[in-house]
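Coordinate-derived values only; no laboratory data. Note that the structure is a prediction, hence the values are computed from the model and not measured. Counting neighbours? That spans all protein chains shown, and the Cβs are built from the backbone with ideal geometry, glycine included.
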Amino acid sequence: MAVTIKSAREIELMRESCRILSEVHDRLSEAIRPGISTYDIDALGEKLIRSYGCVPNFLNYNGYPASICVSVNDEVVHGIPKKERILQEGDIVSLDAGLIYKGYHSDAARTYPVGQISEEARQLIDVTRQSFFEGIKFAKAGYHLYDISNAIDRYVSRFGYGIVRDLVGHGIGTHLHEDPQIPNFRQWRKGIKLQPGMTLAIEPMINLGGYGVEWLSDDWTVVTQDGSPSAHYENTVLITEGEPEILTLPKDAKG
Ligand code: MF3
Ligand code: CO
């Protein structure tokens, strides 16, 4: 599938899809506390998405059984919500959510502390988020795709963290996953030239320990091989001639 360039009308629809998703994330963040189950987070997320007349795009995607991915501690991504999985003080939890508005997909993820967390977990969350912002310094017309990948790697590597290699970011639009794939680690090729109208979901997944991951027997949940905690930060971004527009963050927020 080719990389799509969105028209002005499509960009408006992407903006609205992503604006709604940022509100959903804000509301979900307020629900994070010790004692809530990952199931309840998913139920709230689905209710919020539907309250805007939108559809959760993860639900039933390749058979994924929920609307939100809720990944705790050593779970990297695609954690399946469960009634028995109760958040505890000291956990970190990644919420990955997406929705469809008038045919246009949005996708974003954030990692939150549950109550008081360790200093090393706090730094992992902050570095993962900052690595996204380092990457998008190169998300503009004229740069190449892997300038983004290389900037993320350069920043994260200073901290000695493991950058997940088995999962990558992606184009997004009328499908959740469009070309191109966007690795978060060093590439030697340049990748495609970025053009205004491309919409990309850029999503570093960073482990406190090594980069290795494995899949649990539920066929979804991705965990770190060494059991170290992992963080995830993702926004849907619009490429322009100038600064990228971070569609899944409110205009004046820094995320
Ligand atoms: N943000 C994830 C991604 O970009 C969510 C998709 S997982 C699934 O791949 F639940 F939808 F399958
Ligand atoms: Co994504």
Cross-link reach list, lysines versus Lys47, counting only Cα pairs under 20 Å and skipping chain neighbours closer than eight places: Lys82, Lys83, Lys102
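Test of understanding: ordering Tyr143, Tyr61 by Cβ neighbours within 10 Å, fewest first, what list do you get?
On the way: Tyr143 17, Tyr61 13.
In order of increasing Cβ crowding within 10 Å: Tyr61, Tyr143.
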Top of Asp107, Asp40, Asp74 by mean-square fluctuation, Gaussian network on the chain, Cα under 10 Å: Asp40
Euclidean distance between Cα centres, segment 70-144 to segment 40-59, Å: 17
Highest-fluctuation residue, Glu243, Glu16, Glu178 considered, GNM on the chain with Cα pairs under 10 Å: Glu243
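Can you put Asp219, Asp126 in order, fewest other beta carbons within 10 Å first? Intermediate results must be reported in sequence, preceding the final value.
Values: Asp219 11, Asp126 14.
Least crowded to most crowded, the residues run Asp219, Asp126.
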Charge-dipole axis of the chain as Lys and Arg at +1 and Asp and Glu at -1 on Cβ define it, positive-most pick from Gly142, Leu95, His170: Gly142
Reach of Lys140 by Cα under 19 Å, taken over lysines that are not fewer than 8 positions away in the same chain: Lys6, Lys190, Lys193, Lys251, Lys254
Most fluctuating residue given options Gly142, Gly103, Gly63, as computed from a GNM of the chain linking Cα atoms under 10 Å: Gly63
